[in-house]
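The values are calculated or read from the model by the stated rules, or taken from the named source; none is laboratory data. Computed from a prediction, not measured in an experiment: that's the story for all the values here. Ideal geometry is used to build each Cβ from the backbone, glycine not excepted, and the neighbour counts take in all protein chains shown. The accessibility values were calculated without ligands, DNA or RNA, using every heavy atom of the protein model including side chains. Shrake-Rupley method; radii C 1.70, N 1.55, O 1.52, S 1.80 Å.
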Amino acid sequence: MKVLVIGSGGRENAILYKLSENKNLQLYIFPGNGGSIEYAKRVNLENFEDIKEFCIENEIKMVIVGPEEPIANGISDYLESYGIFTIAPNLKFAFLEASKGKSKEFMKENNIPIPYFGYFDNFSSAFDFIKSLKPPYVIKADGLAGGKGVSIAYSLDEARIILIEYFEGKFKDASKKVVIEEYIDGFEVSAFIVMDGKDYKFLGYAKDYKRLLDGDNGPNTGGMGSYTPVSIDENLHRKIIKNIIEKTVEKIEGYKGFLFFGLIIKNNEPFVLEYNIRLGDPETQVLVLSWSFNFLELLTSIKERKLKDFIVSFNELYFLNVVLTSKGYPFEYKTGYKIENIEKVDKSEAIVFHAGTEIVDNKVITNGGRVLNIVGFGDSLNVARERAYKYASIVNFENKFYRKDIGL
Ligand code: GLY
């Protein structure tokens, strides 16, 4: 069987790693990164039409889409109109991630617990609403902003400046509308499910670290680290399943693919901050390693709409991911530096997933903001953490930067 994966990050590298457990599978990736060739053939395609042609010519039986943009641009509908099965939801569900405002309205209509919010297309009503809240204020670009569209303002003055920037196009069309949300001071965790159009399976929790700097300071990033499993007690887990996941699943019949819930927990009560219509990055890099089922079989059961009978199981280990970034990320940074010592990582202690890397003249070089994911593992979070940090320090490149408090 032949499968094409779409995406270029650490998430897609982890997907390839997990799929490569199936030795008879021929894997392709577009566009991929410097780590892809260990598992897959990289292909160079320009657009949806190219992807379709490639799949037809090469008899690709399944396409797995990692990032949100192609999903929000309708890749699933397009490829399926040519009979190519695609692991990604259809366009009619894209709003769940592609419009923060519409998705909040959906959650409100369906009594899914969320922070108090307002949805605005102009500065003056947005600012009036902010004045009715207590600081800090959460301001979100309505559309897709690469994980960077959320700002927290600690004063009215700061909120005014952020709102002006957003409405003046800081995130282009994505910030023409904004969501303003009550700030909940709690514990953030990501919960993952997969659906086959009707039934769903729970795929685990992972903790993601979105801020750039230790102690959750600095600007938002795509994610600086992650770990799994996360200790969520039975009572809380039941609430999440019943009040959030099942209430959502009931209302999205026909949804096929992954769905992740960005949650915040306060006083043992869960609230949804956002939906994402895909797997998370860098959460996937730890989740796939915790799954003891065959990933291809899970995907096949989606295709055959037999997810109901699929048994999801987890191993007993802990996994902790430290993301090595290029200094300057998420703003300006330089790339093209040689990466050294990856071969010194002992695979019985840690796995490296590539993200912003490329191979030039047979050397692995930095080619992005988030460069590598170093996932340590062991039978406690502490052991996983020690191992991840040991190799985060050994693997090296110029301008390397990483958080030192993942898992603490
Ligand atoms: N880790 C957050 C995201 O993938 O959006």
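Beta carbons within 10 angstrom, averaged per residue: use that to sort the peptides 271-281, 123-133, highest first.
For the peptides 271-281, 123-133, the packing ranking is 271-281, 123-133.
Rank-order 20-26, 319-325, 290-296, 391-397 by packing density, defined as the average count of other C-beta atoms within 10 Å over each peptide's residues, highest first.
319-325, 391-397, 290-296, 20-26
Give the distance, in whole Å, between the Cα centre of the stretch 333-387 and the Cα centre of the stretch 37-90.
27 Å
Can you give the log10 of the normalised intensity I(q)/I(0) at q = 0.13, 0.16 Å⁻¹, computed with Debye over equal Cα scatterers of the stretch 317-394?
-0.40, -0.58
Between residue 41 and residue 202, what length in nm is gained on full extension when 0.36 nm per residue of separation is reduced by their alpha carbon distance?
54.9 nm
Per residue, how much accessible area does the stretch 95-214 have with a 1.4 Å probe, in Å²?
For the stretch 95-214, the per-residue accessible area is 44 Å².
Counting only the backbone N, which residues of the stretch 129-143 are under 17 Å from the spot 7 Å out from the Cα of residue 105 toward its beta-carbon?
Only 140-143 fall inside the zone, counting backbone N under 17 Å.
For the chain, give me the percentage of DSSP beta bridges that are antiparallel, rounded to the nearest 5 percent.
80 percent
Are any of the pairs 92/170; 201/247; 134/247 more than 25 Å apart by Cα-Cα distance, and if so, which?
The pairs that break the limit, which is 25 Å between Cα atoms, are 92/170; 134/247.
How about the stretch 363-408: which trypsin sites (Lys or Arg not before Pro) there lie in a loop by DSSP and see at most 15 other Cβ atoms within 10 Å?
Working: sites: 363, 370, 385, 387, 390, 400, 403, 404; in loops: 403, 404.
Counting only loop positions with at most 15 other Cβ atoms within 10 Å, the trypsin sites (Lys or Arg not before Pro) in the stretch 363-408 are 404.
From the phi angles alone, apply the Karplus equation (6.51, -1.76, 1.60; θ = phi - 60°) to the stretch 85-93 and give each ³J(HN,Hα) in whole Hz, x where the residue is Gly or Pro.
So the J values, rounded to whole Hz, are 5, 10, 8, 4, x, 6, 3, 5, 9.
Based on the alpha-carbon gyration tensor of the stretch 1-66, what equivalent-ellipsoid semi-axes (square roots of 5 times the eigenvalues) come out, in whole Å, largest first?
17, 14, 9
Per 0.36 nm of contour for each residue apart, how much would the distance between residue 69 and residue 164 grow if the chain were fully extended, relative to their Cα-Cα spacing?
Values: separation 95, 0.36 × 95 = 34.20 nm, distance 2.55 nm.
So the extension gain works out to 31.6 nm.
Order the peptides 372-384, 235-247 from the highest to the lowest mean number of other Cβ atoms within 10 Å of their residues.
Details: 372-384: 22.2, 235-247: 16.0.
Per-residue Cβ counts within 10 Å, averaged per peptide and sorted highest first, yield 372-384, 235-247.
To the nearest Å, what is the center-to-center distance of the stretch 159-206 and the stretch 252-293, using C-alpha atoms only?
So the two Cα centres are separated by 12 Å.
Collect residues whose amide H, placed 1.01 Å from N in the peptide plane, falls under 5 Å from the amide H of residue 41; neighbours closer than 5 in sequence don't count.
For residue 41, the qualifying residues are 27, 28, 29.
Between their Cα atoms, which of 108/251; 207/404; 148/172; 23/344 are more than 19 Å away from each other?
23/344
Please report, to two decimal places, log10 I(q)/I(0) for the stretch 40-190 at q = 0.20 Å⁻¹ as given by the Debye formula with identical point scatterers on the Cα atoms and no solvent.
-1.16
With the cut-off at 1.5 for a/c, could you classify the stretch 31-102 from its C-alpha gyration tensor as rounded, prolate or oblate?
The shape class here is oblate.
Report in % the part of the accessible area of the chain that belongs to carbon and sulfur, leaving out ligands and nucleic acids; probe 1.4 Å.
Ligands and nucleic acids excluded, carbon and sulfur reach 47 percent.
Which Cα, out of 298, 191, 84, lies furthest along the positive dipole direction of the chain (beta carbon charges, K/R +1, D/E -1)?
191
Output the Cα-based Rg and Dmax of the chain in Å, rounding Rg to one decimal and Dmax to a whole number.
Cα only, the chain: 20.6, 60 Å (Rg, Dmax).
What are the GluC sites (Glu not before Pro) within the stretch 152-204 that DSSP puts in a loop, where the Cβ has at most 15 other Cβ atoms within 10 Å?
Qualifying residues, ordered by number: 168.
What length, rounded to one decimal in nm, is gained on full extension from residue 346 through to residue 230, with 0.36 nm per residue of separation minus their alpha-carbon distance?
Numbers: separation 116, 0.36 × 116 = 41.76 nm, distance 2.48 nm.
Fully extending the segment from residue 346 to residue 230 adds 39.3 nm.
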